[in-house]
Protein chains: 2
Amino acid sequence: MKKFINSVDSVLAESLDGFAAAHADLVALGAERKFVRRCELNPRKVALVSGGGSGHEPLHAGFVGYGMLDAACPGQVFTSPTPDQIVEAAQAVAGDAGVLFIVKNYAGDRMNFEMAAEIAEGRIATVVTDDDVAVENSTHSSGRRGVAGTLIVEKIVGAAAEKGLNLEGCVALGERVNTRTRSMGVALTSCTVPAAGTPTFSLGEDEMEMGVGIHGEPGRRRVKLERADAIADEIAAAIVQDLDARAGAEALLFVNGFGGTPTIELYLMYNAARRMLEKRGLRIARSLVGSFVTSLDMAGCSLTVSLLDSEATALWDHPVRTAALKW
Amino acid sequence: MKKFINSVDSVLAESLDGFAAAHADLVALGAERKFVRRCELNPRKVALVSGGGSGHEPLHAGFVGYGMLDAACPGQVFTSPTPDQIVEAAQAVAGDAGVLFIVKNYAGDRMNFEMAAEIAEGRIATVVTDDDVAVENSTHSSGRRGVAGTLIVEKIVGAAAEKGLNLEGCVALGERVNTRTRSMGVALTSCTVPAAGTPTFSLGEDEMEMGVGIHGEPGRRRVKLERADAIADEIAAAIVQDLDARAGAEALLFVNGFGGTPTIELYLMYNAARRMLEKRGLRIARSLVGSFVTSLDMAGCSLTVSLLDSEATALWDHPVRTAALKW
């Protein structure tokens, strides 16, 4: 295992300390590093709290700040945060308008956020994301997995909360964005969990895992590495078939790197994906390219398509000031 | 070779097309993809033009936009742009205040930017960056290599040009920032140039290349992989010794990923580097963490330290709106 670490036990703590120090103008660490919260809270708005296993950086702590999340709870690598962490985060950022949990659909995350919602005081509601079309059930979830589309839910609902939307409205908006958002990923290599020390799975020199999950969970099929256009075409087909979009519908295209794939390849994949989606009748009105929902050092990428209407577009365009997304 | 590509000959063209389409609100591609330029030019300011071999994305095209570059010329992977490209870029963005070339110190880049300066009409001046303390001469350069510190020169001079600094002032500022900026990198794996198809160099399972160049050029020594703190300490020592900073001096710390290293490790390295620099008497007043000056898919990172004064700090903080840097 070749990583920049001091000890496998302290990877998360040291990385969080670095994150908080590098972005001290935006975020603060909670006691015992249980959560990352905004420096400046607005007690009149709905507070958004997300979280999940670490190893997907900058998700979620990188999205804490004006226009997006109020707090994020980092679990150990690929492990859900504890109910205790989530309760403390909710209590630290809750104002008068209630708290919205945004939770990726994994069994551990669902359970721990549910327990936290029962324990914490005040009004709490939850939106669950499940945008991954690759598989219907997986190693870690009943139903579809929540993956890169979670960023889009967090951005759009975050903007709406900033503009004063109430808790019920945020839930309805989050669910609407989630149902209009689909993702699918592909891995060229495995990731290596620090505590394990060896790759989570193995792929042949000429193989890829189509439909891989963000923890290295199996996807649809393991096949020979194909050309970028063929990969983009297969993923675009899976997404568009599932979205059932009208011809000419406007969409946001998000090409996400898994951590080991460089920018030059991500833009090449964006170019391929855009053509494949336009061929199927979508109009790409907004774009995001970068490694935002990663799987440690996995080489690979995912495509996410989110159908836009004028409300979603305006909320996507709304200013955001976080460590990882700024405009 | 496992990459998202269609053919080794079209990697750059397809990636540039994707980049230009994804950021059509900010940039436009020149004819035959010779350069990337801002959509909105300001003919009264000094125009900044940079460029170099591709494979370092988002450098330089990702830094084209308000507050930074006016145009960037992408050469083929790890190959200088041609004089012809640079001349066309300069002519496309030149206004009344002249053009400043910002050039990393590699023999090919130096030669081609010099030829372009002779051919192009109008006033042209050049700043050469050479921030890499690892080696005094290298495979591709006489004198030190220009690496991640180039981003800092482009950001600070870009802000000054936006505020109306004239050409002579931009040259003096760029040279001053360059002399106050030092970098050094370390590789855990090689990169693979698409046209070559095999890794540029090989490292044992437990080895790292200390002082590696951004094209995989040899560094100071090949040694056993060490703990993050030990790596950060060695690089911090090399940088501080060379900078000759007074105790308590304010500095910008930039931890840069080489393309194959994920965000969780970069923040851990930031945490280590910050401690090692503070131990040596520097005060970290500004920070940047991310993969901005990459070496294709190389796993590794570099540390850059740039001494700040009130002028440099204000220019660093000045708004910037590019694909890769926004605040």
Filtered residues of segment B:244-299 (kept if of a type outside the set (Gly, Ala, Ser), over 19 Å from the mean Cα position of the chain (by Cα) and more than 9 Å from chain A (Cβ to nearest Cβ)): B:244, B:246, B:250, B:275, B:276, B:277, B:278, B:279, B:280, B:282, B:283
Kindly check whether there is at least one residue in segment A:312-319 that is of a type outside the set (Val, Ile, Thr) and within 12 Å of chain B (Cβ to nearest Cβ). yes
Residues of segment A:1-55 satisfying the condition of being of a type in the set (Phe, Trp, Tyr) and under 20 Å from the mean Cα position of the chain (by Cα): A:19, A:35
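Conditions tested, residue by residue: (1) over 24 Å from residue B:188 (Cβ atoms); (2) touching a strand residue (DSSP E or B) at 6+ places or on another chain (Cβ under 9 Å); (3) of a type in the set (Gly, Ala, Ser); (4) modelled with pLDDT of 95 or more.
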| residue | (1), (2), (3), (4) |
| --- | --- |
| B:218 | no, yes, no, no |
| B:238 | no, yes, yes, yes |
| B:261 | no, yes, no, yes |
| B:264 | no, yes, no, yes |
| B:267 | no, yes, no, yes |
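Tell me, yes or no, whether segment A:303-311 has at least one residue that is over 21 Å from residue A:177 (Cβ atoms), in contact (Cβ under 8 Å) with a residue 24 or more places away in the chain and more than 15 Å from the chain's Cα centre (by Cα). Give the steps one after another, and end with the answer.
Here is the first cut: in segment A:303-311, the residues over 21 Å from residue A:177 (Cβ atoms) are none.
Looking for residues that are over 21 Å from residue A:177 (Cβ atoms), in contact (Cβ under 8 Å) with a residue 24 or more places away in the chain and more than 15 Å from the chain's Cα centre (by Cα), one finds none in segment A:303-311, hence no.
Given the structure, is residue A:162 free of Cβ contacts under 8 Å to residues at least 24 places away in the same chain, open to solvent by 20 Å² or more (accessible area, probe 1.4 Å) and not assigned by TED's automatic domain parsing to the domain that holds residue A:210?
On the way: free of Cβ contacts under 8 Å to residues at least 24 places away in the same chain: no; open to solvent by 20 Å² or more (accessible area, probe 1.4 Å): yes; not assigned by TED's automatic domain parsing to the domain that holds residue A:210: yes.
No, not satisfied.
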Of the numbered conditions (1) open to solvent by less than 30 Å² (accessible area, probe 1.4 Å); (2) over 18 Å from residue B:266 (Cα atoms); (3) in a strand (DSSP E or B), residue A:74 satisfies every one except a single condition; which is it? (2)
For residue B:306, state whether it is in contact with a His (Cβ under 7 Å, 6 or more places away or on another chain) and either open to solvent by less than 50 Å² (accessible area, probe 1.4 Å) or not assigned by TED's automatic domain parsing to the domain that holds residue B:70 (or both). no
Per the list (1) surrounded by fewer than 22 Cβ atoms within 10 Å (Cβ to Cβ); (2) out of contact with any strand residue (DSSP E or B) (no Cβ under 7 Å at 6 or more places or on another chain), residue check on residue B:79 breaks on (2)
Filter segment B:185-218 down to residues that are within 25 Å of residue B:278 (Cβ to Cβ) and part of a strand (DSSP E or B), then give me how many there are. 4
Among the residues of segment A:1-57, which ones are hydrophobic (A, V, I, L, M, F, W, C), within 11 Å of another protein chain (Cβ to nearest Cβ) and not in a loop (DSSP other than H, G, I, E, B)? A:11, A:12, A:13, A:16, A:19, A:20, A:21, A:22
Complete set of residues in segment A:110-119 that are open to solvent by 10 Å² or more (accessible area, probe 1.4 Å) and touching a residue at least 12 places away in the same chain (Cβ under 8 Å): A:110, A:111, A:112, A:114, A:115, A:117, A:119
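For segment B:219-326, please list each of the strands (runs of 3 or more DSSP E) lying entirely inside it that holds at least 1 residues being within 30 Å of residue B:173 (Cβ to Cβ). Let's see the steps before the verdict.
On the way: elements: B:221-224, B:250-257, B:283-290, B:300-307.
In segment B:219-326, B:250-257, B:283-290, B:300-307 are the strands (runs of 3 or more DSSP E) which contain 1 or more residues that are within 30 Å of residue B:173 (Cβ to Cβ).
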In segment B:21-60, the residues that are open to solvent by 20 Å² or more (accessible area, probe 1.4 Å), more than 15 Å from residue B:88 (Cβ to Cβ) and in contact with a strand residue (DSSP E or B) (Cβ under 6 Å, 6 or more places away or on another chain): B:26, B:39
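Might you let me know whether segment A:155-175 holds any residue that is basic (Lys, Arg) and within 14 Å of another protein chain (Cβ to nearest Cβ)? So that I can check it myself, show each step before the final result.
Narrowing segment A:155-175 to residues basic (Lys, Arg): A:155, A:163.
Then keep just the ones that are within 14 Å of another protein chain (Cβ to nearest Cβ); that gives none.
No - not one qualifying residue is present in segment A:155-175.
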Applying the selection to segment A:109-142, what residues are more than 17 Å from residue A:216 (Cα to Cα) and assigned to a loop (DSSP other than H, G, I, E, B)? A:120, A:121, A:122, A:123
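Residues A:95, A:146: which one is touching a strand residue (DSSP E or B) at 6+ places or on another chain (Cβ under 7 Å), small (Gly, Ala, Ser), open to solvent by less than 10 Å² (accessible area, probe 1.4 Å) and assigned to a loop (DSSP other than H, G, I, E, B)? Walk me through it before giving the result.
Working: A:95 fails: open to solvent by less than 10 Å² (accessible area, probe 1.4 Å).
Just one listed residue meets the conditions, A:146.
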Being buried (at least 18 other Cβ atoms within 10 Å of the Cβ), more than 23 Å from residue B:268 (Cα to Cα) and in the same structural domain as residue B:293 (by TED's automatic domain parsing) narrows B:245, B:238 down to just B:245
What number goes with the only condition from (1) open to solvent by less than 10 Å² (accessible area, probe 1.4 Å); (2) part of a loop (DSSP other than H, G, I, E, B); (3) of a type in the set (A, V, I, L, M, F, W, C) that residue B:173 does not pass? (2)
Among (1) modelled with pLDDT of 95 or more; (2) open to solvent by 20 Å² or more (accessible area, probe 1.4 Å); (3) over 22 Å from residue A:326 (Cα atoms), where does residue A:136 come up short? (1)
Would you confirm whether any residue within segment B:191-201 is open to solvent by less than 30 Å² (accessible area, probe 1.4 Å) and under 14 Å from residue B:303 (Cβ atoms)? no
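The values are calculated or read from the model by the stated rules, or taken from the named source; none is laboratory data. This structure is a prediction, so every number in the text was calculated from the model and none was measured. Virtual Cβ from ideal backbone geometry, glycine too; neighbours counted across all protein chains shown. These area figures cover heavy atoms from the full protein model, side chains too; ligands, DNA and RNA do not enter into them. Shrake-Rupley method; radii C 1.70, N 1.55, O 1.52, S 1.80 Å.
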